[in-house]
Structures are given as C-alpha cells and as structure tokens.
Amino acid sequence: MEERNNTTTPAAAKKCCCCSWGPFVAGLAAALALGWWVLPNLMKVEKQQPIAFSHVEHVKKQGMYCEQCHFVRADGTYSGAPSTAECATCHFTVIGHNPEESRFVNEYVRAGREIKDEWLIYQKQPDNVFFSHAIHLSAAKDVKGPEETAKYCSICHIDVASTDVPPVYRENRLSGYSENTMLMWGCERCHAKHMAAGDTAASNACFTCHK
C-alpha cells in the first residue's frame with residue numbers, strides 16, 4: 001500500500017506563517033490606535049475662552065511685555081491671569097474696532113463681571129505641586145524685548161504670543177485638568193539639563209516641587 005507523503009513544502013509553510021501573523025499585526029495596530037488616539041480623545045472635552053483675546057495685538061503690535069499682565073508680586077506669589085480691573089486700566093472704554101474688545105468692555109468692565117474667574121488656565125498645576133515663577137523668571141533677567149520674553153515663557157507654556165485667538169482648551173473629563181498641564185517628566189528633564197550645565201542647584205528630589 002502506498003504511503004501518503006505529509007511533508008509540507010517551504011512555500012506552503014511560508015504562506016501559513018504569513019496567514020498567522022496577519023491577524024496579530026492587524027489587532028496590534030487596532031489596539032495601538034484605540035489606546036493612543038481614540039480613547040484619549042474621547043476622554044477630552046473642548047472648551048472656548050470667554051473672550052477671544054489677541055496676544056498678537058498686545059505683544060507684537062503694541063509691544064507689551066508678558067509681565068505687564070502676568071507678574072510676580074512683592075511677596076513672590078504669581079498674579080496669573082489679569083483681573084477685569086487690571087484690564088480696565090487700558091480698556092475702561094472701547095479704544096479699537098475689535099468686536100471682542102467691545103464685548104469685554106460692555107459685559108465685563110461695565111457690568112463688574114470678573115474675567116479671571118472664567119478664564120481657563122492651560123497649565124494649571126495640581127494643589128500638591130509648588131512652582132515658583134519668581135525663581136524661574138529670575139533666570140530671564142538677560143532676555144530683552146517683548147517677543148524674546150514671550151519665547152522664554154513658551155519653554156514651559158504653550159506659545160500664545162503668536163495667536164490672534166486663544167487656543168482651544170482641552171480638558172480631561174476625569175481629572176479636570178488641561179491637556180497642556182506640564183507633566184513631572186518635563187520638569188525633571190529641565191532640572192537635570194540645567195544641573196548638568198551648572199546653571200542651577202535645584203535638584204530632582206520630590207520635596208523640591210511637592211510641598
């Protein structure tokens with residue numbers, strides 16, 4: 001009786017191998033897309049700022065410095081976003097033709113409404129994080145001009161100095177923080193870089209930033 005030959009040819013083995021890898025690669029690609037793009041975006045909600053504030057108008061056209069609106073107080077605390085009263089030192093009345101300025105004067109300045117309470121902070125830090133603007137801004141003493149100052153600030157902050165309208169604010173639905181909130185690895189990398197260069201004595205120890 002003739003014995004059946006069950007030997008698989010090299011071509012058939014190669015074809016079988018490719019067939020088994022195909023579903024795995026497709027599944028891996030789908031899992032990566034779901035984990036890195038689909039789910040993270042589903043977790044975010046987009047919000048708009050209350051006023052379409054133009055940094056280009058104030059920084060590039062009017063030559064204003066960042067610290068004219070965002071400054072360190074005498075006690076070392078940081079002012080953050082300006083209040084309606086601070087904005088009203090210039091905008092107590094409508095001085096241009098921008099409809100957003102007109103809306104700000106009518107709805108905030110004249111109505112006594114606080115813009116600072118409504119402004120969305122792109123890089124608000126958790127309560128357990130201590131960040132000193134006074135210390136970090138002291139390193140900018142040699143920076144000259146409003147645009148150079150804005151460039152220095154954009155090392156940590158998103159570059160709003162070149163925007164005519166505020167960037168879209170994307171907030172994590174669970175944490176309530178902006179997607180632009182600076183993460184710990186960014187702080188650690190910057191500290192390590194400047195420590196290696198001998199520019200700072202600030203270490204990466206936990207107590208440096210967490211009080």
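Phi angles of the range 94-102 translate, via the Karplus equation with coefficients 6.51, -1.76, 1.60 and θ = phi - 60°, into HN-Hα couplings of 6, 10, x, 10, 6, x, 5, 5, 4 Hz per residue; Gly and Pro are given as x. Computed over protein heavy atoms with a 1.4 Å probe, the carbon and sulfur contribution to the accessible area of the chain reaches 62%. Helix 10-33 and the longest principal axis of the Cα set of the chain meet at an angle near 20°. In the list (1) 106, 47, 31; (2) 51, 41, 30; (3) 53, 42, 33, the label attached to Cα extents along the principal axes in Å as derived from the coordinates here is (1). Could you work out how far helix 184-196 tilts from the main Cα principal axis of the chain, as a 0 to 90 degree angle to the nearest 10? The helix 184-196 is inclined about 80 degrees to the chain. Annotation: amide H of Gly80 within the under-5 Å range of Phe71, sequence separation 5 or more or interchain, hydrogens built in the peptide plane.
Taking the Cα of Ser162, stepping 7 Å toward and past its beta carbon, and measuring to each backbone N in the range 46-60: which are under 20 Å? Correct set: 53-60. Remark: the chain carries 71 Å² of accessible area per residue (probe radius 1.4 Å; ligands, DNA and RNA excluded).
Using only the Cα atoms of the range 116-194, build the gyration tensor, take square roots of its eigenvalues as a ≥ b ≥ c, and label the shape rounded, prolate or oblate: rounded if a/c is under 1.5, else prolate if a/b is larger than b/c, else oblate. Here the range 116-194 falls in the oblate category. Label positions at Gln125 and Ala202, each projected 7 Å from the Cα along the C-beta direction, are separated by 0.8 nm. Straight-line reach from Lys141: which lysines fall under 16 Å, measuring Cα to Cα and dropping same-chain residues less than 8 apart? Partners found: Lys151.
Over 12 Å apart: what share of the alpha carbon pairs of the range 157-205 falls there, rounded to a whole percent? Percent of Cα pairs beyond 12 Å in the range 157-205: 71.
Proximity of backbone amide H atoms, modeled 1.01 Å from N, is registered between Tyr169 and Lys47, Gln49 at under 5 Å, excluding neighbours fewer than 5 places apart on the same chain. With the simple model of a label 7 Å out from the Cα in the direction of the Cβ, Ala81 to Gln48 spans 1.5 nm. A cut-off of 5 Å between modelled amide H atoms, ignoring neighbours fewer than 5 places along the same chain, links Tyr177 with Asn172.
For Thr200, the accessible surface of its heavy atoms amounts to roughly 60 Å² (probe 1.4 Å, protein chains only, rounded to the nearest 10).
Dividing the alpha-carbon radius of gyration of the range 19-123 by the rule-of-thumb value 2.2 N^0.38 Å gives 1.72. What FRET efficiency comes out for Glu118 versus Glu188 if R0 is 30 angstrom and r is the Cβ-Cβ distance? Round to the nearest 0.05. Efficiency computed from Cβ-Cβ geometry: 0.35.
The values are calculated or read from the model by the stated rules, or taken from the named source; none is laboratory data. Since the structure is predicted, the reported quantities are computational estimates derived from the model, not experimental observations. Reconstructed Cβ throughout: ideal geometry from the backbone, glycine too, with neighbour counts over all protein chains shown. Accessible surface areas use protein heavy atoms only, side chains included; no ligands, DNA or RNA. Shrake-Rupley method; radii C 1.70, N 1.55, O 1.52, S 1.80 Å.
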